[in-house]
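Okay, structure first, notes after.
The values are calculated or read from the model by the stated rules, or taken from the named source; none is laboratory data. Values in this document were obtained by computation on a predicted structure and should not be read as measured data. So basically every Cβ, Gly included, is an ideal-geometry build from the backbone, and we count neighbours across all protein chains shown. Please note that ligands, DNA and RNA were not included when accessible areas were found on the heavy atoms of the full protein model with its side chains. Shrake-Rupley method; radii C 1.70, N 1.55, O 1.52, S 1.80 Å.
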Amino acid sequence: MNILCIVIATLSPIMLNAFIILSILSLLGYVLRTWYKSPLPNEAIIRTGVGGVLAVTGKGIFVLPLLHRASRIDLSTKSFVLEFPETAPLPIKGTSQITLSATVNLKISHDKIEKVASKHGTQNASSQQYIESLFSPKFDEVIRIAGRRFNYQSLKSDLEEFKLAIIEHCGEVEDLHGFELVALSLSSVTLVDL
């Protein structure tokens with residue numbers, strides 16, 4: 001401390017002013033760097049605290065200590081596969097059963113980011129395991145319901161119609177907890193011998 005006082009006392013007024021200006025600019029740069037948060041591509045920053053919940057994508061936001069908390073939420077597409085193997089086949093119209101593999105791709109709806117963050121938390125909404133555990137039972141049920149409308153011939157000949165029936169049963173974005181269905185692919189459709 002004494003050395004700093006001696007150095008400041010021996011500086012000329014111009015040097016002292018330059019030292020003060022550089023100190024203020026350094027402090028301002030540090031504050032801006034630590035308080036201004038920018039999201040990466042495919043992520044949002046959720047700021048809570050004074051002013052409520054605010055989700056920001058693409059641009060930055062100030063997060064003031066003691067007034068706000070910030071967390072990041074992953075907006076990338078999450079995928080999971082539902083299997084209906086021979087040991088647990090999918091019942092369809094009539095008494096037939098099929099094996100099927102369905103790949104579901106979901107992502108957070110852009111206009112529902114704040115709702116998803118509030119309802120599920122940013123850690124859970126970004127977690128592949130959480131998304132799979134939340135939606136696997138729903139899509140399993142929806143695929144089973146849609147499958148009862150088709151026999152094997154109609155299902156095999158028009159797989160797109162089956163996909164549309166599944167999507168129709170999924171409902172709106174509200175039914176998917178703020179997530180949206182990006183893609184649904186079906187494969188390995190074979191008839192199971194009874």
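Summary of the geometry: the range 16-39 and the range 62-90, compared by the centres of their Cα atoms, lie 37 Å apart.
Sorting LYS115, LYS163 on solvent-accessible area from highest to lowest, probe radius 1.4 Å, gives LYS115, LYS163. Each of SER154, TYR30, PRO91 was scored by the projection of its Cα onto the charge dipole of the chain, and the greatest displacement toward the positive side belongs to TYR30; charges sit on the C-beta of Lys, Arg, Asp and Glu. Let me test this: with uniform point scatterers at the alpha carbons of the range 59-136, what is the Debye-based log₁₀ I(q)/I(0) at q = 0.27 1/Å? Relative scattering, expressed as log10 I(q)/I(0), comes to -1.25. Placing a pseudo-label 7 Å from each Cα along the Cα-to-Cβ vector at VAL31 and LEU67 gives an inter-label distance of 1.1 nm. Each stretch of four or more DSSP H residues adds -39500 (n - 2.57); spread over every residue of the chain, this sum gives -13000 deg cm²/dmol at 222 nm. If you roll a 1.4 Å probe over the range 110-194 with all protein chains in place, what percent of the accessible area is carbon or sulfur? Its accessible area is 48 percent carbon and sulfur atoms. Checked against a 29 Å cut-off, the cross-linked pairs LYS107/LYS163; LYS93/LYS115; LYS37/LYS138 give Cα-Cα distances beyond that limit for LYS93/LYS115; LYS37/LYS138. In terms of accessible area, using a 1.4 Å probe and ignoring ligands and nucleic acids, ARG47, ARG72 rank largest first as ARG72, ARG47. Magnitude of the charge dipole for the chain, about its Cα centre and with charges confined to Cβ atoms of Lys, Arg (+1) and Asp, Glu (-1), is about 780 debye.
For GLU114, the solvent-accessible surface with a 1.4 Å probe is about 80 Å², rounded to the nearest 10. Projecting the Cα atoms of LEU191, VAL116, PHE80 onto the charge dipole of the chain (Cβ charges, centred on the Cα centre) puts VAL116 farthest toward the positive pole. Rg/Rh, computed from the Cα trace of the chain with Rh as the Kirkwood radius, has the value 1.33. Taking every protein chain into account, the accessible area of the range 85-160 amounts to 52 square angstrom per residue (probe 1.4 Å).
The simple spin-label model puts a point 7 Å past each Cα toward its Cβ; for SER188 and THR103 those points are separated by 1.2 nm.
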